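Reviewing the structure listed below.
No value in this document is a laboratory result; all are computed from the given coordinates. Nothing here was measured: the structure is a model prediction, and the numbers come from that model. Quick reminder, even Gly has a Cβ in these numbers, built from the backbone with ideal geometry, and neighbours come from all protein chains shown.
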Amino acid sequence: MEIIKVNDYNEMSQKAFSFFKEQLKKNPASVLGLATGSTPLGLYGLLIKELKGRQDLSFKTVNLDEYIGLGKDDEQSYYNFMFKNLFSELSLPSANWHVPEGRGRNNLSRFIKLLQDIGQRDIQLLGIGANGHIGFVEPSHKFPEQEAMIINLTQQTIQDNSRFFEDDMTKVPTQAITMGVPQILNAKKIIILASGENKAEAVKKAIQGPVTPQCPASILQEHSNVTWIIDELAGSKL
Ligand code: PGA
């Protein structure tokens, strides 16, 4: 496990960007696993700066998760998040980027098929929840073994994410579709970003604690190519 400590959010984003830039230089047709949330926004801004206007983009992406019940047109869907914050600015063909569907029949089996079809990810980007979740694999008594699944969100995640739903917890969807642990670990390289004091406890448990489903990110200790990029506040308990 590689741990890169940086001063702040901007430096974290720059550092993450350097890995993605290098990967796309090495293989412009890379498969990238992407994430949503406040954490990757800086990285996406840098990718837009780098790639905007390029007509030759050929990489493919797949996102970790989506809220159940939200569709492409919902302001808070992760599809819309990715469109607004990255893909609307790039000339990447729409067939090249994917977000699991939060609505529709058989959305779980369609997501599993998509993951099989798109192939092994060269890089999987992750954030970490204040409760240690990765994707929407929430803390529980057992690591889920499915490639992908529909799960119930924990109260903490609902509370954390209510900031995107007018601070109204009742407006936050209660379920999500997410890549499971085996899929997340199947990526060739994992880059996990953490910024801010509210992540410090989860970061400490994930890196220095035992591997436990109570802190899903701790499973990354078992992957052979993980890079943590952690700012000063998120790393303050290490
Ligand atoms: P955040 O979420 O980037 O909005 O803090 C991270 C996560 O929950 O995985």
- request: Please report, in whole Å, how far the alpha carbons of the chain spread along each principal axis, starting with the longest.
  value: 44, 40, 34
task: Would you mind ranking 94, 162, 30 by Cβ crowding within 10 Å, fewest neighbours first?
output: 94, 162, 30
- prompt: Can you pull the percent of Cα pairs in the range 66-185 with separation above 20 Å?
  reply: 44
message: Below 12 Å, Cα to Cα, which aspartates and glutamates can residue 60 reach? Residues fewer than 8 away in the same chain don't count.
response: 117, 122
query: Under 20 Å from a point 7 Å along the Cα-to-Cβ line of residue 29: which residues of the range 109-149 have their amide N that close?
result: 114-124
message: Using the crude model of +1 on Lys and Arg Cβ and -1 on Asp and Glu Cβ, and no other charge, please compute the dipole size for the chain relative to its Cα centre, in debye to 20.
response: 600
message: Would any residue of the range 118-134 have its amide N under 15 Å from a label point 7 Å out along Cα→Cβ of residue 155? List them or say none.
response: 131
task: Could you check the simple spin-label distance between residue 56 and residue 109, using points 7 Å along Cα→Cβ, in nm with one decimal?
output: 4.2
- line: Here the relative contact order (percent) of the range 78-198, from C-alpha pairs under 8 Å and at least 6 apart, is 31
- prompt: Where does the chain land at 222 nm, in deg cm²/dmol rounded to the nearest 500, when only DSSP H runs of n ≥ 4 count, each adding -39500 (n - 2.57), divided by all residues?
  reply: -8500 deg cm²/dmol
- prompt: Percentage of Cα-Cα pair distances in the range 1-89 greater than 22 Å, rounded to whole percent?
  reply: 31
- request: Quick one: grab the alpha carbon gyration tensor of the range 132-238, order the square roots of its eigenvalues as a ≥ b ≥ c, and give me rounded if a/c is under 1.5, else prolate or oblate depending on whether a/b is larger than b/c.
  value: oblate
query: Shape of the range 72-120 from its Cα gyration tensor (a ≥ b ≥ c, root eigenvalues): rounded if a/c is under 1.5, otherwise prolate when a/b > b/c, or oblate?
result: oblate
- request: Consider just the alpha-carbon atoms of the range 168-212 and return their Rg together with their Dmax, both in angstrom.
  value: 14.2, 38
- prompt: Pick from 176, 95, 187: which residue has the top mean-square fluctuation in a GNM of the chain where Cα pairs under 10 Å get a spring?
  reply: 95
- request: Determine which lysines satisfy two conditions relative to residue 142: a Cα distance under 30 Å, and not lying fewer than 8 residues away in the same chain.
  value: 113, 171, 188, 189, 199, 204, 205, 237
- request: For residue 214 and residue 18, calculate 0.36 nm times their separation in residues minus their Cα-Cα distance, and state this gained length in nm to one decimal.
  value: 67.4 nm
